[in-house]
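Read the structure below first, then the notes.
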Amino acid sequence: MSGVRHLVLVDPFVGENVGMTDTRPSLIIFSPSGIVPAAAPVRKALKRLNALGFASTLDASALSKHQRFAGDDATRLDSIHRVAEAAPHVALAARGGYGLTRLLDQIEWPLIAQSVERGTAWVGYSDVTALQLAAIAHKAAGPESVGEGVTAGFWAGPMANEDFGHKDSVDGGDDVTQEVFVEAMTGELEAVGFRTEAGFDGLEARGRLWGGNLAVVQALLGTPHFPKIKGGVLFLEDVNEHPYRIERTLLQLHQAGVLDQQKAVLLGTFNGFKKSPLDRGYNLKAAIAYLRSQTTTPILTGLPFGHVPTKLCLPLGRKVNLVVQGRDVLVMW
């Protein structure tokens, strides 16, 4: 990674200076949303991230608890601002859940923008979508086009607890997810690919990549924190939402004019829901087919992203080129 900083390491659990100079890319795990139930996954994530080549530390309030949140609103807001002021190479969210929407009106967006200018890559997904899209809306996410190897900005990608600190994995999570994360954070990742359904061969599109968790995207609609992106490439995922709820939310985005303004929509994983005896053959495929009948914007499935072990890293707010050859989709930036 270019511009590697020298830093003084701080013990992530006692907050004391350990007197070491480290030239590895700096990484701070912070908790802007839901409560971190136990410290063990975070400890495992720190060890794993260090093994992957990062100088990893834990924000002072990352393990705070208040109701279902990682500390009260003031604590989590201070955490975001503290990380922005530190401007590490990577600001990695511990987990999602819920809580960031509460903070959007109070976040100092110029401070976030300054951290990006200083080289910080903010990474996460799920509830972190609120921070990511609001940063785009408030012009704090960095430029649409960046130079080769630049990692600063906002990335939809893994989070500490499940993807680096999972108790059932020797290495704390999925190998592919971790490898892609390292490539993204070291400036080596320039494209991602996946397989989609037949029928989109020859499709080419260029636009700003944006999106994230579908429920959070919907929650921002109509607020000052919703990015007004036309001609973009929108990606979406969600968990624990029945197909009819997914359809209803996508239909709201369509009726609000969002879908028709995009060059393409990429659907990731929608999992965790329970089928109903009332479905009578209605499923996610049927919901997507209906949406396709309502908009002329191509809707592609198969994006490896969502609440699943294997996920890509996607640079939010950047201009990307999308190319489909047969059933192979390539997204390049």
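For E190, the solvent-accessible surface computed with a 1.4 Å probe is close to 90 Å², ligands and nucleic acids excluded.
Computed from Cα atoms, the angle from the helix 40-51 axis to the main principal axis of the chain rounds to 80 degrees.
Taking the Cα centre of the chain as reference, the dipole from Cβ charges on Lys and Arg (+1) and Asp and Glu (-1) amounts to some 680 debye. Rolling a 1.4 angstrom probe over the chain with all protein chains present gives an accessible area of which 50% lies on carbon and sulfur atoms.
For region 281-288, the Karplus equation 6.51 cos²θ - 1.76 cosθ + 1.60, evaluated at θ = phi - 60°, returns couplings of x, 6, 8, 4, 4, 5, 5, 5 Hz by residue, with Gly and Pro reported as x.
Close amide H partners of L203, meaning residues 5 or more places away or on another chain with modelled amide H under 5 Å apart, are V324. Distance between the C-alpha centres of region 227-249 and region 71-113: 24 Å, rounded to the whole angstrom.
Which percent, to the nearest 5, of DSSP beta bridges fully inside the chain are antiparallel? Can you show the working numbers first?
On the way: 23 of 52 bridges.
If we restrict to bridges inside the chain, about 45 percent are antiparallel.
The heavy atoms of Y290 offer some 90 square angstrom of accessible surface to a 1.4 angstrom probe.
Whole-Hz Karplus values for region 269-279 come out as 8, 10, 9, x, 8, 10, 5, 10, x, 7, 5 Hz, taken residue by residue from phi with 6.51 cos²θ - 1.76 cosθ + 1.60 and θ = phi - 60°; glycine and proline positions read x. By a 1.4 Å probe calculation restricted to protein chains, R68 has an accessible surface near 150 Å², given to the nearest 10.
Coupling constants for region 131-142 follow from the phi torsions by the Karplus curve (6.51 cos²θ - 1.76 cosθ + 1.60, θ = phi - 60°), and in residue order they are 5, 5, 6, 5, 4, 5, 4, 9, 6, 10, 9, x Hz; glycine and proline get x. Roughly what angle does helix 175-185 make with the longest principal axis of the chain, taking Cα atoms, 0 to 90 degrees, to the nearest 10? Helix 175-185 sits at roughly 70 degrees to that axis. Which one, (i) 35, 25, 18; (ii) 39, 21, 18; (iii) 32, 21, 19, gives semi-axes √(5λ) of the Cα gyration tensor in Å as derived from the coordinates shown? Among (i) 35, 25, 18; (ii) 39, 21, 18; (iii) 32, 21, 19, the one calculated here is (iii).
To test your reading of the geometry: what angle, between 0 and 90 degrees and rounded to tens, separates the Cα axis of helix 243-255 from the longest principal axis of the chain? With rounding to tens, the tilt is 80 degrees. Mean sequence separation of contacting Cα pairs (under 8 Å, at least six apart), scaled by the length of the chain, corresponds to a relative contact order of 17 percent.
The H on the amide N of F235, modeled in the peptide plane, is under 5 Å from the matching H of W210, G211, G212, L266, each at least 5 residues off or on a different chain.
Legend: distances between Cα atoms for K65/K139; K65/K274; K167/K311; K167/K285; K139/K230; K228/K319; pairs beyond 22 Å are K65/K139; K65/K274; K167/K285.
The values are calculated or read from the model by the stated rules, or taken from the named source; none is laboratory data. This is a predicted model, so every value here is computed, not measured. Every residue, glycine among them, receives a Cβ derived from its backbone with ideal geometry; neighbour counts consider all protein chains shown. Side chains included, ligands, DNA and RNA excluded: accessible areas come from the protein's heavy atoms. Shrake-Rupley method; radii C 1.70, N 1.55, O 1.52, S 1.80 Å.
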